[in-house]
Amino acid sequence: MTTHVVAMGGGGFSMNEGASPLDEYVLSLVAEPKPTVCFVGTATGDAVGYVERFHTAFGPLPCETTDLSLFQRDDRTLAERLDAVDIVYVGGGSTANLLAVWRLHGLDQALRERAHAGPLVLTGLSAGGLCWFEGGITDSYGPLCPLPDGLGWVEGSFCPHYDGEPGRRPAYRQAIAEGTLAPGYAADDGAALHFVDGTLRCAVSERASATTYRVEQRDGRAEETPITATQL
């Protein structure tokens, strides 16, 4: 079945006052008139304020909102929680912690089972964008460094905040040049890459200067190729 991955470098409601054009773009990918959007805040330990910001931002939009906590589980199974969900929106924070907790609870497998059952949109920024790839650059351990064990919904690696945090770009380029990470993609704050069943469909942005890139290794160096993003 069709699975969309919209990996944001940054932006969305997390970095704006309320819902942003990137958030509205994600909603537009679902044919239902009022899709159900489930926020997953594992990367910040299900911080209450972050979850509340999501509901406040998406409340006025044509959608239903819910959230899934792994730190405060209820008696429903993950399959039951995901059954009526159209969009899974993952917040930023620690990618390493997110992956560990998801795997411990089985959310990674539950998401794959949900995707087999029907169309699904997976999205998020920073950790919520990186987790869907095979790896990427993270600050989960303190200093920026490669993380090689993402979920692998999209082949290759990903670097968020490409223009928003000064160390991201050189750290990612070095990892690609050295072969520590597989070739992949980078996105500025306010830009996103949209994949359908693992294949890149397009790039979109919510500000004019936000850019996305394909980053590959050539002759022992990292080479960037800009991907034209449609401004929303």
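The values are calculated or read from the model by the stated rules, or taken from the named source; none is laboratory data. Please read these numbers as outputs of a predicted model, since none were measured by experiment. Positions of Cβ are backbone-derived with ideal geometry, glycine not excepted, and every protein chain shown enters the neighbour counts. Heavy atoms of the whole protein, side chains included, go into the accessibility calculation; ligands, DNA and RNA do not. Shrake-Rupley method; radii C 1.70, N 1.55, O 1.52, S 1.80 Å.
With charges only on Cβ, +1 for K and R and -1 for D and E, what is the dipole size of segment 85-232 about its Cα centre, in debye, rounded to 20?
60 debye
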key: Pairwise label distance in nanometres, LEU232 with ALA117, each label 7 Å out on the Cα-Cβ vector   = 2.6 nm
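Among ASP83, ASP67, what's the order by accessible area (1.4 angstrom probe), most exposed first?
The most accessible residue leads, giving ASP83, ASP67.
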note = The set of residues whose placed amide H lies less than 5 Å from the amide H of VAL154, leaving out same-chain residues fewer than 5 positions away, is PHE133, GLU134
P(r) of the chain over all Cα-Cα pairs, binned every 10 Å from zero, in whole percent = 8, 36, 38, 15, 2, 0
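Can you give me the % of accessible surface on the chain that is carbon or sulfur? Probe 1.4 Å, all protein chains present, nothing else counted.
Working: 4810 of 9810 Å².
Accessible surface attributable to carbon and sulfur in the chain totals 49 percent.
Give the shape of segment 3-50 as rounded, prolate or oblate, defined through the alpha-carbon gyration tensor: a ≥ b ≥ c are the square roots of its eigenvalues, a/c under 1.5 means rounded, and otherwise the shape is prolate if a/b is larger than b/c and oblate if not. Each step should come with its number before you reach the end.
Numbers: a/c = 1.73, a/b = 1.46, b/c = 1.19.
The shape class here is prolate.
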task = Give the peptides 108-116, 3-11, 214-222, 152-160 in descending order of average Cβ contacts within 10 Å, highest first.
result = 3-11, 152-160, 108-116, 214-222
query = Do you know the relative contact order of the chain, to the nearest whole percent, from alpha carbon pairs under 8 angstrom that are 6+ apart?
reply = 23 percent
query = So in the chain, what percent of DSSP beta bridges are antiparallel if you round to the nearest 5?
reply = 45 percent
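After finding the eigenvalues of the alpha carbon gyration tensor for segment 105-232, what semi-axes result from the square roots of 5 times each, listed largest first in whole Å? Kindly include the intermediate steps, with their values, before the conclusion.
On the way: eigenvalues 103, 66, 37 Å².
Working through the eigenvalues yields semi-axes of 23, 18, 14 Å.
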query = Which residues' amide hydrogens lie under 5 Å from the amide hydrogen of GLY92, considering only partners 5 or more residues apart or on another chain, with H built in the peptide plane?
reply = LEU125, GLY128
ask   = For segment 155-226 and segment 49-70, what is the separation of their Cα centres, given in Å?
value = 28 Å
message = From the phi angles alone, apply the Karplus equation (6.51, -1.76, 1.60; θ = phi - 60°) to segment 69-74 and give each ³J(HN,Hα) in whole Hz, x where the residue is Gly or Pro.
response = 9, 9, 8, 10, 6, 9
request  = Tabulate in residue order the Karplus-calculated ³J(HN,Hα) for segment 149-162, using 6.51 cos²θ - 1.76 cosθ + 1.60 with θ = phi - 60°, rounded to whole Hz; enter x for Gly and Pro.
outcome  = 10, x, 7, x, 5, 10, 5, x, 10, 8, 10, x, 6, 5
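Report the extension gain between GLN72 and ASP149 in nm, rounded to one decimal, defined as 0.36 nm multiplied by the number of residues separating them, less their alpha carbon distance. All intermediate terms of the calculation are to be shown ahead of the outcome.
Details: separation 77, 0.36 × 77 = 27.72 nm, distance 2.55 nm.
Once the chain is fully extended between GLN72 and ASP149, it gains 25.2 nm.
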query = GLU64's amide H: which non-local residues (gap 5+, or another chain) put their own amide H closer than 5 Å, with H modeled 1.01 Å from N in plane and none for Pro or chain starts?
reply = THR36, VAL37
inquiry  = Through the Karplus equation 6.51 cos²θ - 1.76 cosθ + 1.60, θ set to phi - 60°, convert the phi angles of segment 124-141 into ³J(HN,Hα) values in whole Hz; use x for Gly and Pro.
reply    = x, 10, 6, 4, x, x, 5, 4, 6, 8, 6, x, x, 9, 9, 10, 4, 9
inquiry  = Please give me the summed charge of the neighbours of CYS63: other residues whose Cβ is under 11 Å from its Cβ, Lys and Arg +1, Asp and Glu -1.
reply    = -4
